[in-house]
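J.: After the C-alpha cells below, expect a handful of questions from me.
Every read-out reported here was derived from the displayed coordinates using simple, explicitly stated rules and does not represent laboratory data. Computed from a prediction, not measured in an experiment: that's the story for all the values here. FYI the Cβ positions are ideal-geometry reconstructions off the backbone, even for glycines, and counts take in every protein chain you see.
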Amino acid sequence: MIRLEPRAAPSKLMATLSPLIAILLTLIAGALLFAALGQNPWRALRVYFLSPFDDAYMRAEVLVKAVPLALMGAGLAVCFRANVWNIGAAGQFTLGAIGAGAAALFIPAESPFAMLAVPLIAGALCGMAWAAVPAALRTRLGVNEILVSLMLTYVAALLLDWLVRGPWRNPRGFGFPQTNAFPDWAHAPILVEGTRLHVGAFLAVAAALGLGLMMSRTLRGLRLRVTGGAPRAARFAGFSAAGDVWFALLLSGGLAGLAGALEATSTVGRLQPEIGAQAGFTAIIVAFLGRLNPIGALLGALVLAVSAIGGENAQILLNLPKNVAGVFQGMLLFFLLACDALINYRPRLVARRRA
Amino acid sequence: MILRRSLLIGAAALAMASGAPAAFAEEPLKIGFIYVGPIGDFGWSYQHDQGRLALEKEFGDRVQTTYVESVPEGPDAERVLRQLATSGHKLIFATSFGFMDATAKVAKAFPDVKFEHATGYTRADNLATYSGRFEEGRYILGVIAGKTTQSGKIGYIGAFPIPEVLRGVNAFTLGLQSVNPEATVSVVWANTWYDPGKEADAARAVIAQGADVIAQHTDSPAPLQAAENSGTVKAFGQASDMIKFAPTAQLTAIVDDWAPYYIGRVQAVLDGTWESQDHWGGLAAGDVHMAPYTNMPDEVKALAEETQAKIASGELNIFSGPISDRDGTERVAAGEALDDAAQLEMNWFVKGVQGDLPD
C-alpha cells in the first residue's frame, strides 16, 4: 500500500510552481477527456480557459462572478486559518441580501439614508448577526460551529423564501415570489458601461489586501495563526480563544453578508428565492485554493469564476452536458490539491502488514 | 388538436418541398434553451427538453438547438442568455419564471434576437410569453375524483399558494362538485415544488384524515407512491405520465406537452411571421394532454373523455359562472366566465375547499 510521509523540508521552488504544474496536468487530462468524448481537444480547452476572455463583456463577467467568491473566500481563509470552521457563508450571504433588501425597500427616497452604503452596511451587519449564533453557541456551550453554521444556511433560505412569498411580496407581481425592484439609489454603480461590473470589485480587492496585511503584519493576525496552528501555545501566550472565535466568525460572516448585499443591489436588483447563495459553498473551495491566504483567495476566486463561465460556454458552444463541466472543474481542484499534498508529503510504498 | 397538428406538419412539409434549395443554402436557425433543472428531472425541465428534441426531429438540418441546464434563477441567468444571443442563437426559450428579469434585460440588448419566456408576464417586441392552461386538465381530474371517492374527502398537495396553484385547486373542485356536490377538498401546502420526503408526508397526513383520492400540484411522484402503498387510495400524476410509479393507483395524469407550441414558433421564425404574443394554450392547442385513463370503471372513463372533449371544443368553460368563493362572495355571475386577467391574479378558494389561504 502507499503511505504519505511528511517531507522534512518541503521545496520552496516546487511550492511556487505547484499551481502551474496542477494547471498543466489539468490541461493534459482535460485534453484526454475531451478527445474521449469526440471533441477536438484544442478547441474544447480554448472554450474552457480562453472564451471567458473573448470580449469586454465576458471579461467583466469573470470579475462579476469572482466578486462574491473573493469576498467570502478571503473571510473564510482567515476563519479557517484560526481553526474556526464556518461552513455557513451561504446563510450569512442570504441574510446580507435580506438586510440590504430591508434597507432598499423600506427607506424612502427622500430620506438622508437613501444611499447605497446603507444597504451594504445593513447587509454586513445581518451577516455578522447570523454568524454570531454559532460563535455564541461555540464559546458558551461548546457546540460545534460546523453544524450550527451549516444548519443556519437552511434557516436563512427559508426566511428569505417566506419574506418574498409573504410580507415583502410585490403586490403587483401576480402572486409570484419576488419583492419590488430596488429603487435606483440602491443599485451598485456600474464601472464599465455595457457590462455588469460594479463597485463590489473594488471592495473585494480591498478586503483581500486588507486581510492579507492583517494576517501577516498585525498582532491580531499572529494571534489567529497561533490559535489555529498551536492552540496550547496560544493559551500559554494568554490569547483568548473565545475572542478569536468571535473575531473569525464575525469577520467572515460580515464579509459574506456584504457579498450578499452586493449581489442583491447589483446583478439581481430585488429579493427573490434564488440570489446566488450557492457561492457561499464555492467560497470554501476558493479559500483552500488560495491556501488559506486572503490574497490567494482573490486568485482562487478568479480561477473558479473562469472555470464556471467556461463550463457554461462549453454547453453553449460545444453542446457538452453540464456534468462534463463538473468533471472538468473537479479535475482542476483535484490536481491543485494533490500537487500541494505532494509538496508537503512524500508517497512511499510499504509492505502491507498482517493484522 | 389533431387538425391543428396535421396542418402544422403539412405546412412544414410544404415549406420543405418548395423552399428546399434555399433551405440548404441557408445557415440553420440556431435555437437556444435554458432550463432551471437538469434535463433528467423527469418533470418540468425534462418536458421542455422533450419539446426541444421534437424540434430537431421536426425540422432536421434546418435548425440547430443548444441547451444550458441547471441554470440557477439568480445572477448567472443573464450571462447565459447573453452568451446564447452573442453566439448566434436567433430564438431563445427561457423556460422558468425566475428568468424573467434577465430575459427582459437581454432582449432589450439584442433587438434582432427573439425571446420566449415561459410563465412570465413581461413582454416586449422581441419577447413573447407562453404557458399552459393546466387547470383544464385539473377540472377533468376533479370529475374523475368525484366519481371515485367513497368518503367524499379529497386530499390536495399544493406547492405554494400562488395564483397558478389556486387556479388548479379551484378548477379541480369545480369539476369535483359538478358530479359530487357534497365532496370537499383539503389543501395541504408542501412549500416546495420538489421534495419527495415532504410531499409523501403530506400525502400520508391527508390519507390519515380520511381522504381516499389525492391530487397533487408538486413535481415528484412521491404522493402518488404513497397512494400506491396504501393499497386503496387513488391519485393523479403530475406534468408527465407517472404510471410506472403507481401502476394500480394512478387514474390519469396531466402531461405538459411543449412540442406543438415550440414547433409552431420555430415555423413562424422560419417563415418570417414571428410576433411577440402571450400564448396560453390548453387542451385545444395540444399544450396539455391527459395520460391514459386507467384504474377506473368504464363509465367514469367515458365521462372523463366526454369532459375532455367538451373543454377542448370550447363547449365547456371551466370557469363559467355562477362561482362564489368560500366566504360567499360572488366571483363570477351566471352566464359569464372568468377572464384571463382575473385568472392570472386568482387569490381565493371556491366553496368546498378547506385549508389555509394566506392574504
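J.: So how many residues does the range A:32-44 have that are part of a loop (DSSP other than H, G, I, E, B) and either in contact (Cβ under 8 Å) with a residue 24 or more places away in the chain or crowded, with 17+ Cβ neighbours inside 10 Å (or both)?
T.: Number of matching residues: 2.
J.: Also, I was wondering about something else. Got a number for residues in the range B:24-45 being within 14 Å of chain A (Cβ to nearest Cβ) and either in a helix (DSSP H, G or I) or basic (K, R) (or both)?
T.: So the count comes out to 2.
J.: Looking at (1) free of Cβ contacts under 8 Å to residues at least 40 places away in the same chain; (2) crowded, with 17+ Cβ neighbours inside 10 Å, find the lone condition where A:D54 falls short.
T.: (2)
J.: Let me ask you something else. So which residues in the range A:114-154 are part of a helix (DSSP H, G or I) and either within 14 Å of chain B (Cβ to nearest Cβ) or polar (S, T, N, Q) (or both), if there are any at all?
T.: Matches in the range A:114-154: A:T139, A:S149, A:T153, A:Y154.
J.: Now for a separate question. Given the condition of a type in the set (A, V, I, L, M) and without any contact (Cβ under 8 Å) to a residue 24 or more places away in the chain, answer yes or no: does some residue in the range B:140-151 qualify?
T.: No, the range B:140-151 contains no residue that is of a type in the set (A, V, I, L, M) and without any contact (Cβ under 8 Å) to a residue 24 or more places away in the chain.
J.: If we scan the range B:128-138, do we find a residue that is touching a residue at least 24 places away in the same chain (Cβ under 8 Å), of a type in the set (G, A, S), closer than 30 Å to B:Q250 by Cα and not in a strand (DSSP E or B)?
T.: yes
J.: State yes or no: is A:A29 surrounded by 14 or more Cβ atoms within 10 Å (Cβ to Cβ), more than 14 Å from chain B (Cβ to nearest Cβ), among the small types (G, A, S) and within 26 Å of A:C339 (Cα to Cα)?
T.: Spelling it out, A:A29 is indeed surrounded by 14 or more Cβ atoms within 10 Å (Cβ to Cβ), more than 14 Å from chain B (Cβ to nearest Cβ), among the small types (G, A, S) and within 26 Å of A:C339 (Cα to Cα).
Every residue, every condition in (1) within 25 Å of B:V36 (Cβ to Cβ); (2) surrounded by fewer than 24 Cβ atoms within 10 Å (Cβ to Cβ), yes or no:
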position	(1), (2)
A:R225	no, yes
A:G228	no, yes
A:A248	no, no
A:R270	yes, yes
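J.: Still on this structure: Would you mention how many residues in the range B:238-251 are part of a strand (DSSP E or B) and surrounded by 24 or more Cβ atoms within 10 Å (Cβ to Cβ)?
T.: 3
J.: Just to be sure I understand, how many residues within the range B:54-68 are within 14 Å of chain A (Cβ to nearest Cβ) and surrounded by 20 or more Cβ atoms within 10 Å (Cβ to Cβ)?
T.: 4
J.: Among the residues of the range A:279-307, write down those that are more than 9 Å from the chain's Cα centre (by Cα) and within 14 Å of chain B (Cβ to nearest Cβ).
T.: Across the range A:279-307, the qualifying residues are A:L304, A:A305, A:V306, A:S307.
J.: Right, another one. Here is a list of conditions, (1) surrounded by fewer than 20 Cβ atoms within 10 Å (Cβ to Cβ); (2) over 27 Å from A:N180 (Cβ atoms); (3) more than 9 Å from every other protein chain (Cβ to nearest Cβ), and B:I154 meets all of them except one; can you say which number that is?
T.: Here B:I154 clears every test but (1).
J.: Ok, one more. Only residues that are more than 15 Å from the chain's Cα centre (by Cα) and either β-branched (V, I, T) or buried (at least 19 other Cβ atoms within 10 Å of the Cβ) (or both): list them for the range B:157-179, please.
T.: If the condition is that a residue be more than 15 Å from the chain's Cα centre (by Cα) and either β-branched (V, I, T) or buried (at least 19 other Cβ atoms within 10 Å of the Cβ) (or both), then B:I157, B:F160, B:P161, B:N170, B:T173, B:L174, B:G175, B:L176, B:Q177, B:V179 are the ones that fit.
J.: Report yes if A:E5 is surrounded by 23 or more Cβ atoms within 10 Å (Cβ to Cβ) and either assigned to a helix (DSSP H, G or I) or not aliphatic (A, V, I, L, M) (or both), otherwise no.
T.: Answer is no for this residue.
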